[in-house]
Amino acid sequence: MALQDKSVIVIGGGIAGVTASLELADQGVKVTLVEQDDFIGGHAALLACKALESCQKCNGCLVEPRLLEILRRPDIRVLRRSRLVKVDGGEGGYRIKLIQQPAYIDPERCTACGLCLERCPEAVKGAIRKSPLAVDRPRLAINPSACLYFRDKKSTLCRDVCPEEAIRFDLSPEEISLEADSLVLASGFEPYAAEGKIRYGYGKVPDVITALELESQLRRDGVVSRPSDGGQPKRVAFIQCVGSREKIGNNYCSRVCCAYALRLGRMLRHRFEAEVSVFYMDEQSFGHALDDFLAAANEELELIRSMPGDLSAGPEGGVLVQYQAESGQAPLFREFDLVVLSIGLTPGLANPGLADLLKLELDEHGFVGSTAGPLAANRKGQPGIFLAGTIARPMDVAEVVAHAGRAAAETLSYLEGN
């Protein structure tokens, strides 16, 4: 049977799922991409360009072209707001059942004027979200878990102000059944919940943020500002290994944190003239031209080999960081305008459910086949199931793209042989 007669369902609409979908569709395979969010791109869509006078090789530029391409590909079916709930089948193909949540903002009617977002009383809590891609449809989406209407059934300000009458609350979830010859699992990772490090004060000390929040702000606004007063920080600290390399907990390296922290730190220094300090355990190898990059980082940033203790609000309105310059010495205190927590990558929330539905094995950390390649999903004999991206283990963007490409190649080889 020709590839044009074969079909694949890709679970996960981040950069891994998008890459695999594009490469499969380029060979004529019928592809359905299933994403549980309103927007495609996942966490990678929030990453900012970190270029200085020249490129810092952060690989963020690998993301947007692929997202834009899949949005204009009529041969790839994209199902958003959809969750896998049942799987049957095996070597002869798979039958899956999805539950798709409603699009409360009609993408065909919405012009992305933003009036609903401006008037929403719960916008700061994410009741109405905006896609990071300007050409995305929908560009705006309602989050039921934060929207007042889904609590009181009365708050319809967003609906009332919409000039296109694009907002409807009277919609219900739908059940969708699909069949496919093969499955590609690309459900991604979950950023470490910084609240778990109580001593760092995230959520309590206003000017402590995560690196992903910094990336998102830079991508959205092009500037960096303090949450407490909107001012531009001049003294910035990064704290590494937040949620990684723990004796009790996530006792693995997330692989991406050293790279993004040093790149972000250099960017803050060059673009905003900030003084940047980085508190670290040790430097992990990554990327291209490593020696030159580390030499530049050592020259431009203050690298402090010490993991801080408690963080608290400083007397001047900043963040007070307690640390030891040398083991056994009395603690030192430094005040910063902004502290950025370099959070790690943790297993995706969907992993246990996928493992149960598809009879897959999780490793000791909760990833699916973290030490193997795209074929790792077949360890228990399930044919035609392949892994793409950080469902398998922590990876940076370039690794994810390459891994998803290998997953697509393995899928094509499987389809050609069956």
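Listed values, structure above:
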item	result
Failed condition for Arg269, given (1) open to solvent by 30 Å² or more (accessible area, probe 1.4 Å); (2) at pLDDT 95 or above; (3) in a loop (DSSP other than H, G, I, E, B)	(3)
Checking Gln284 against (1) part of a loop (DSSP other than H, G, I, E, B); (2) more than 18 Å from Lys57 (Cα to Cα), the condition it does not meet	(2)
Test for Arg66: is it modelled with pLDDT of 95 or more and in a strand (DSSP E or B)	no
Filtered residues of region 78-91 (kept if among the charged types (D, E, K, R) and in a strand (DSSP E or B))	Arg83, Lys86, Asp88
Residue list for region 2-45, filter: modelled with pLDDT under 95 and farther than 13 Å from Leu412 by Cβ	Asp5
For Arg220: the one exception among (1) of a type outside the set (Gly, Ala, Ser); (2) modelled with pLDDT of 95 or more; (3) within 25 Å of the chain's Cα centre (by Cα)	(2)
Filter result (more than 21 Å from Gly203 (Cβ to Cβ) and open to solvent by less than 30 Å² (accessible area, probe 1.4 Å)) within region 295-322	Ala296, Ala297, Leu301, Ile304, Ser306
Answer residue from region 92-109, given it is part of a strand (DSSP E or B) and surrounded by fewer than 16 Cβ atoms within 10 Å (Cβ to Cβ) and is farthest from the chain's Cα centre (by Cα) among those	Arg95
Per-region count, region 137-158, residues within 16 Å of Pro107 (Cβ to Cβ) and not in a strand (DSSP E or B)	5
Qualifying residue in region 17-31 (condition: in contact with a Cys (Cβ under 9 Å, 6 or more places away or on another chain) and either in a strand (DSSP E or B) or charged (D, E, K, R) (or both))	no
Tally of residues being modelled with pLDDT under 75 and open to solvent by 40 Å² or more (accessible area, probe 1.4 Å) across region 285-294	6
Pick from region 113-157, criterion among the hydroxyl-bearing types (Ser, Thr, Tyr) and open to solvent by less than 70 Å² (accessible area, probe 1.4 Å), ranking: nearest to Pro102 (Cα to Cα)	Tyr149
Residue that is most open to solvent (accessible area, probe 1.4 Å), among those in region 323-361 that are in a helix (DSSP H, G or I) and not aliphatic (A, V, I, L, M)	Asp356
Filtered residue count, region 55-77, keeping only those that are out of contact with any helix residue (DSSP H, G or I) (no Cβ under 7 Å at 6 or more places or on another chain) and in contact (Cβ under 8 Å) with a residue 24 or more places away in the chain	5
Some residue of region 160-168 being under 24 Å from Gly42 (Cα atoms), part of a loop (DSSP other than H, G, I, E, B) and either modelled with pLDDT under 95 or open to solvent by 20 Å² or more (accessible area, probe 1.4 Å) (or both)	no
Residue match in region 118-136 (condition: farther than 29 Å from Leu212 by Cβ, more than 25 Å from the chain's Cα centre (by Cα) and outside any strand (DSSP E or B))	no
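The values are calculated or read from the model by the stated rules, or taken from the named source; none is laboratory data. Nothing here was measured: the structure is a model prediction, and the numbers come from that model. Because the Cβ atoms are built from the backbone with ideal geometry, glycine has one as well, and the counts that use them run over all protein chains shown. The protein model used for the area step is the full one, side chains on, heavy atoms only, and it has no ligands, DNA or RNA in it. Shrake-Rupley method; radii C 1.70, N 1.55, O 1.52, S 1.80 Å.
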